């Protein structure tokens, strides 16, 4: 989705054209990572072993790697693979150029080559190759913000902020080098000393004429002489800029309202790397080459050079920790450099943080607001338009950064508003907006560069051109949008999607003008609410291996240096040399500057220790008085803020660090956060404890005691989810270590699904997040460490099988994932899931060109969003547990794209099936085809499929919400439900199999329903009379039609049963032959279906006839008796044997009961019936 720099909007679509000095053929350009480890690994291992390598040893190893690369390239040639090594053409003084191959040995072992598509698969299969990476396009992602980080507390009594300050009694970054890998640096800006002397060129030896004091080293890999975009200049100034003065509200320099700004480490020296061209387009090979050079003591041409202490990367793209730039950035950290990278601007959606920020040893930085970003407010006025409507309340509004500086709202601005849709093109803005406020929704109709842009400046300009007095932009999602850059001659503010919908709901007149007025108010400090910016990318990262972001720092409306001139579009140039900008690009250099200060204060600390100290001492976002927000489940999530907002002073003076230990190469040697990743424990029917050992490491404070506690961030308020500590008190000595265990406890019997309903139709997936807090007993220090665990549905111990289906398609345009036009802006793929599937995986690949951006969504059978992947480039990946059968939808959706081809692969992972549940035997089946049970005692039986460990029976009264009622072993095939309640009862089953943890519980079987209607049987023989007709004797079969009439005043309900018994004839051969129960000397005839549609045998009602047939081959006189029973409803739901015995009458009558005696003479056709006591057993 969006890029790492917010300029005039959340989405900066960088021009497609490549820089003039690049030799890339992007469609076929790949970075081949070779199997041998780069030199950075060897450097780290030697340093850890206490035998650091000399520069000569490092160069020797790098030479060996280069020789291996030569052999590899020769191997390709011998196999007929045409591979051209890509190169950069470095601009040199005097207009010359120097060609440098994209070959890497220090932070990455590999080469960038140009090959045909067919060769890529061959390359990947070679044993010398670790991985083939696509060349990725990366995008460049202070008056109050520096103070907000608490960096000035390190500066000493006399803060050294200018180029001539040299008191040396505090810490302002002296002697520390910060490398800024970006669009370059305009070193002539006042925040770098206003010195026109160029810096030393990275391909040349030191020269007297090129010795800029602030920018000590400069390597223009993209060939530009100086930053013409402004992004790198802004970033460098934020990290290490001298004190400068930006024009204030009067827009005039050198006046009383000028605003003083300086970087976090104002005395640090800068190393500038230009890896992005004038249009802001950056490619991964150039970024890796810059990383390689920044950590090397020798330049690309072999000259001695400074080595960076800190590297800042305010750029990035899609990818996880194994992406090429993430690997190179991590290896730079192994070489001994603190590497800081912007998290990205694809928020607020989760899993939007990309590479290089995803690197395992890289500090990924989220963007927060700060007290310098005081919100305005929007209020709805009452119907008379005379005062604010208190029932609606004030809406927090962020004034556009440019509007804040040049069009401040100094007095309330009131007016009615007109909805202009997206206002993306002039024709979308109604003429009625003139003299009114323009209400606009975030988003774009962009299909090509000249048809809508989505830029906020464009929206504001379109509204302003139609005469709007102000523009209010509301977010396309529920949350706040935050401050944006939107240069305009009228104020521009943003509000949340929720508040935008409120304004929409107030209604419009026939001309489209709002029924109510709104009022835009001046800044209101009381409305400042600290937090993470909505645009800031969130974790978790691909693989969930670490918590990302690591830290947060100010990144909203940051005022710093920029270039004074630049290209007419998509640049940050401003004639004043200063501009405000928002983005994680602006947050990252705050942390880079902070790391420089911490490194200066503690030069013996390792990279991992510096990272841990910054993380352990971070807090929740702080209010203006420095008080952090309280810990609770409503605070910014750990996926958004990581360890929290930096506190530079606390980090530099940390007395201990807390974290988990690793091997130092694959995982950091010490990491102040921990991700358990996914754990398939939900619905697994056991309580699972998942432990991790945490180390508390003393630094230099002597013996210190800490009190341990747990602070909930998400989900620990749910019954069945908990965190336990092995101790609540620890004492650690200076440079000593103590450990304790953190146990995540999940009751997979109590917690049976991964959906969390948070109200207001907010349904999200279960993700446990918490902080472990270590508070020094004397109150002098508080350390905290974030934890993350994503519980998922139980999984089988072994996958039964996988079913993959490949799809190909083309999306013609993007619409910000509005999914407006099927087959054009989105394409749905129905995926049929039966009870054997437990997991769906979808992988979307397309050829990214830095412009096209398409995303991936998974919808469940009810249409709910089950999972999504919305990176700012390819690839997109989804893995999701499924717990119900039905048709799922995999949706490929366009965010912003021209026609783009894609490949989609959907994989079903198969587990065990539920048993087949048989329909229970019914006492009666009613006219609605419902099985009716008369006593609440139901026998369920099933057929297993094999391999089960047990079975679970579930019950529901509505057929939707089921609860377990029994768990039986694998040898059981039936279960007796006792005393079920009156009413409709639904039953279904699940099979339990051995799971990865606990049990894997299958999807449910098809359900069966039983209507329990307790009824007691009564003998109604004396209350009815029979009517017989159609008497007939044919070939030994005597038949008659019989109906019954209810002569009583009572109503009866099924079963209505007529029983023929005690058949007597001289020969003894007469038998009933067509009874429901079969035949013989006894037969039952059910008259329940001979009642009316109400299924009630009402008083005076006559049933329909049934035919009774008897075998009478001798054609002889015979007699039979009839007994009639029916039921009445019994209200009690207690199955009491004595009660039932007293209420019911046995169906086989006793000698003392009245019966109907029927005497039949087949020869005459005479049939005589009478009610008699059951004592006559002979023919008259």
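Things to note:
- Once the mean of 1/r is taken over each pair of separate Cα atoms and inverted, the stretch 840-954 shows a Kirkwood hydrodynamic radius of 18.2 Å.
- Extension reserve of the residue 390-residue 834 stretch, reckoned as 0.36 nm per residue once the Cα distance is removed: 154.5 nm
- Here the convex hull built on the C-alpha positions of the stretch 716-834 has a volume of 283 cubic angstrom per residue.
- Size descriptors for the stretch 102-220: radius of gyration and Dmax over Cα atoms are 21.4, 65 Å.
- CD proxy at 222 nm, helix term only [per DSSP H run n ≥ 4: -39500 (n - 2.57); per residue of the chain; nearest 500]: -3500 deg cm²/dmol
- Size descriptors for the stretch 916-1013 (Cα atoms only): Rg and Dmax, in that order, 13.8, 47 Å.
- Alpha-carbon Rg/Rh ratio, for the stretch 664-715, with Rh computed the Kirkwood way: 1.05
- Pairs of alpha carbons in the stretch 1016-1173 whose separation is greater than 24 Å (percent): 34
- In the stretch 613-744, the alpha-carbon atoms span a convex hull of 135 Å³ per residue.
- Taking all Cα pairs closer than 8 Å and separated by 6 or more residues, the relative contact order of the stretch 655-794 comes to 33 percent.
- The alpha carbon radius of gyration of the stretch 762-827, expressed as a multiple of 2.2 N^0.38 Å, is 2.14.
- Efficiency of FRET from Cβ geometry, residue 1035 and residue 929, R₀ 45 Å, rounded to 0.05: 0.75
- Rg/Rh ratio calculated on Cα atoms of the chain (Kirkwood radius): 1.15
- Fraction of alpha-carbon pairs over 16 Å apart in the stretch 801-907 - percent: 53
- The stretch 801-907, relative contact order [Cα under 8 Å, separation at least 6], %: 44
- Cα→Cβ-extended label distance, 7 Å offset, between residue 753 and residue 972, nm: 2.5
- Distance (nanometres) between label positions extended 7 Å along Cα→Cβ at residue 74 and residue 728: 6.9
- A protection proxy built from the mean count of other Cβ atoms within 10 Å ranks the segments 328-337, 388-397, most packed first, as 328-337, 388-397.
- Cβ crowding within 10 Å averaged over residues, with 852-859, 350-357, 766-773 ranked highest first: 350-357, 852-859, 766-773
- A compact globular protein would have a Cα radius of gyration near 2.2 N^0.38 Å; the ratio found for the stretch 988-1057 is 2.30.
- Coarse-grained scattering of the stretch 376-527 at q = 0.08, 0.13 Å⁻¹, given as base-10 log I(q)/I(0) from a Debye sum over alpha-carbon atoms: -0.19, -0.51
- Calculation over all alpha carbon pairs of the stretch 297-356 in 5 angstrom steps from 0 returns a P(r) of 4, 18, 21, 21, 16, 10, 5, 2, 2, 0 percent.
- Available extension along the chain between residue 907 and residue 1028 is 36.7 nm, counting 0.36 nm per residue and deducting the alpha carbon span.
- Centre separation in Å (Cα based) which lies between the stretch 683-711 and the stretch 1038-1073: 80
- Relative contact order computed over the stretch 76-129 (Cα-Cα under 8 Å; 6+ residues apart), in percent: 30
- Potential lengthening between residue 207 and residue 1100 on full extension [0.36 nm per residue; Cα-Cα distance subtracted]: 309.5 nm
- Peptides ranked, highest mean first, by Cβ atoms within 10 Å: ranges 576-583, 459-466, 95-102: 576-583, 459-466, 95-102
- Shape of the stretch 26-139, Cα gyration tensor, a/c cut at 1.5: oblate
Every read-out reported here was derived from the displayed coordinates using simple, explicitly stated rules and does not represent laboratory data. The structure presented is a predicted model; accordingly, all values stated were derived computationally and were not measured. Cβ atoms come from the backbone with ideal geometry, glycine included; neighbour counts cover every protein chain shown.
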